[in-house]
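The values are calculated or read from the model by the stated rules, or taken from the named source; none is laboratory data. Nothing here was measured: the structure is a model prediction, and the numbers come from that model. Note that each Cβ is placed from the backbone with ideal geometry, even for glycine, and that neighbours are counted across all protein chains shown.
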Amino acid sequence: MSKNLIKGAILGALFLAAIGAKSQNATTTMVEDSTNRYKVQTNKFFDNWFISAGIGGQVYLGKFDAQESLSKRITPTFNGYLGKWFTPGLGLRFGLDASTANGLSASSSNFYVTDPKSTVKGADGATYYKQKIKYYHINAAALFNLTNIFCGYKESRFYNFIPYVGFGWLTSRKVDSREDELSVTGGLLNTFRLGKALNLTLDLKGTQINGRFDHEGSYYDKQAANQIVSATIGLVYKFNKRNWDRCSSKTVTINNEDELNALRQKLDEANRNNDALQQQLANAGKPKIIEKIIEKPSVGAAAASPMLVIFPMNKTTLSKDARVNVGFYAQVIKTGDPKAVYVITGYADKGTGSAQRNAELSKARAQAVYDALVDEFGISPSQLTTEASGGVDNLFYNDPAMSRAAITKIK
């Protein structure tokens, strides 16, 4: 009996030595960053916001306004907006325009005629009364950055071509009354990059409202529509995260096929030696042979070298490349000892971010690998545990990017 146990111990020692030799010869493969300019990572809700203010001129186009020269109808206009870009090509803005428009009426009792003695001789020879239409225009619009949509995102691009369309509420107030109308807006926003946070803008805008707004003629004469055309120059300030990161990542994979084949050969040889020893004991006429068979460790468990997954800065989402490698590792776990437990340890770059943020990142990165193994590749939760190491110094090659990682290895 003791001879059989000694032989089994020798076989186990040979097997563990093979594991040690294999784990020292793991090969790493670097996956290069993606350079696709049409794919970027989605930012958080409070990123990519902006505020803007502008000043310029506007013209009100009413029923009789063509009777006076255009130069006399141009008045100053002011605007301010708050907005957000949800992608490099799609955004929203909400804001206010304010101005006092010059118009003409055929009646001295018109709602907007403040001085019946202030008249104009029209191009048709008739007399018209000057209107002063002080209004505020609350409006919202969807922005479409066609430059980014068709040419791809580029943070340093100087000029962007941005059409927009929206709706609003136009209100004009007097001491004892007011006039309100819904509006439809559209225009072209031209932006010129001055820096990472600041843009110069040229906003060309058109607004259409119901023709009854200026009270010209009968209030119910169903005049088709009036328009407001404006051009303003302004500044846009972008705050919080102002740019977009590309959909790229660096992944380190383990290439252990050669080591796995060599280990299988050693295990087959050990099995043959064990069978030979059993046969020798039987031929020696021993009255009793120990029935206990030494449990053979799983090939898959032995081959489960540590797996390293690298994350982009401040990110916790697995890239497609990383998930492929996690899938390979899941196959190794499934072929191994079902009682083996694997530890997933998350890390963050100590030189970037606060200690609290690095603790959150390291925990989330470990959880991302855990979720992929369990939810996507069917690994039992009983075989997995997670740990978070927070911010650490450079783990490999003196490169801080290699510390934004999660490492999975057998416990």
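Things worth noting here:
- Within segment 152-165, restricting attention to residues that are at pLDDT 95 or above and either buried (at least 19 other Cβ atoms within 10 Å of the Cβ) or in contact with a Pro (Cβ under 7 Å, 6 or more places away or on another chain) (or both), the residue that is farthest from N190 (Cα to Cα) is Y164.
- Among (1) surrounded by fewer than 19 Cβ atoms within 10 Å (Cβ to Cβ); (2) touching a residue at least 24 places away in the same chain (Cβ under 8 Å); (3) more than 18 Å from L204 (Cα to Cα), the one test that N110 misses: (1)
- Test: S389 is within 16 Å of K411 (Cβ to Cβ) and either out of contact with any strand residue (DSSP E or B) (no Cβ under 9 Å at 6 or more places or on another chain) or part of a loop (DSSP other than H, G, I, E, B) (or both): no
Conditions tested, residue by residue: (1) part of a loop (DSSP other than H, G, I, E, B); (2) farther than 30 Å from C247 by Cβ; (3) modelled with pLDDT under 85; (4) not hydroxyl-bearing (S, T, Y).
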position: K286; (1), (2), (3), (4): yes, yes, yes, yes
position: K292; (1), (2), (3), (4): yes, yes, yes, yes
position: P297; (1), (2), (3), (4): yes, yes, yes, yes
position: A301; (1), (2), (3), (4): no, yes, yes, yes
position: S305; (1), (2), (3), (4): yes, no, yes, no
position: T317; (1), (2), (3), (4): yes, no, no, no
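- Here Q208 meets each of (1) among the polar types (S, T, N, Q); (2) within 30 Å of N110 (Cβ to Cβ); (3) surrounded by 20 or more Cβ atoms within 10 Å (Cβ to Cβ) with one exception, condition (3).
- Test: residue in segment 57-80 that is farther than 20 Å from A140 by Cα, of a type outside the set (V, I, T), under 33 Å from the mean Cα position of the chain (by Cα) and surrounded by fewer than 17 Cβ atoms within 10 Å (Cβ to Cβ): no
- Per-region count, segment 59-90, residues touching an Asp or Glu at 6+ places or on another chain (Cβ under 8 Å) and among the aromatic types (F, W, Y): 3
- Set side by side, the residues A372, A366 differ, and just one is closer than 17 Å to P312 by Cβ, in contact with a helix residue (DSSP H, G or I) (Cβ under 7 Å, 6 or more places away or on another chain) and in a helix (DSSP H, G or I), which is A372.
- Picking from residues in segment 125-140 that are among the hydroxyl-bearing types (S, T, Y) and touching a residue at least 12 places away in the same chain (Cβ under 8 Å), the one that is surrounded by the fewest Cβ atoms within 10 Å (Cβ to Cβ) is Y136.
- Test result for V341, at pLDDT 90 or above, surrounded by fewer than 15 Cβ atoms within 10 Å (Cβ to Cβ), under 30 Å from A262 (Cα atoms) and in the same structural domain as N394 (by TED's automatic domain parsing): yes
- Filtered residues of segment 192-211 (kept if in a strand (DSSP E or B) and modelled with pLDDT under 95): Q208, I209, N210
One line per residue, one yes/no per condition, for (1) among the aromatic types (F, W, Y); (2) part of a loop (DSSP other than H, G, I, E, B):
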{"residue": "G80", "(1), (2)": "no, no"}
{"residue": "L92", "(1), (2)": "no, no"}
{"residue": "D97", "(1), (2)": "no, no"}
{"residue": "F111", "(1), (2)": "yes, yes"}
{"residue": "K117", "(1), (2)": "no, yes"}
{"residue": "A123", "(1), (2)": "no, yes"}
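- Count - residues of segment 352-411 that are touching a residue at least 24 places away in the same chain (Cβ under 8 Å), surrounded by fewer than 16 Cβ atoms within 10 Å (Cβ to Cβ) and among the aliphatic types (A, V, I, L, M): 1
- Residue pairs whose Cβ atoms lie under 7 Å apart, separated by 6 or more positions or on different chains, with the first residue in segment 52-68 and touching a residue at least 24 places away in the same chain (Cβ under 8 Å) and the second basic (K, R) and surrounded by fewer than 22 Cβ atoms within 10 Å (Cβ to Cβ), are V59/R73; Y60/R73; D65/R73.
- Taking the criterion of being surrounded by fewer than 16 Cβ atoms within 10 Å (Cβ to Cβ) and touching a strand residue (DSSP E or B) at 6+ places or on another chain (Cβ under 7 Å), the residues of segment 141-150 that qualify are A142, L146.
- Taking each residue of segment 152-170 that is under 22 Å from G195 (Cα atoms) and not assigned by TED's automatic domain parsing to the domain that holds L194 and looking for partners that are part of a loop (DSSP other than H, G, I, E, B) and at pLDDT below 90 with beta-carbon atoms closer than 8 Å, six or more apart or interchain, yields nothing.
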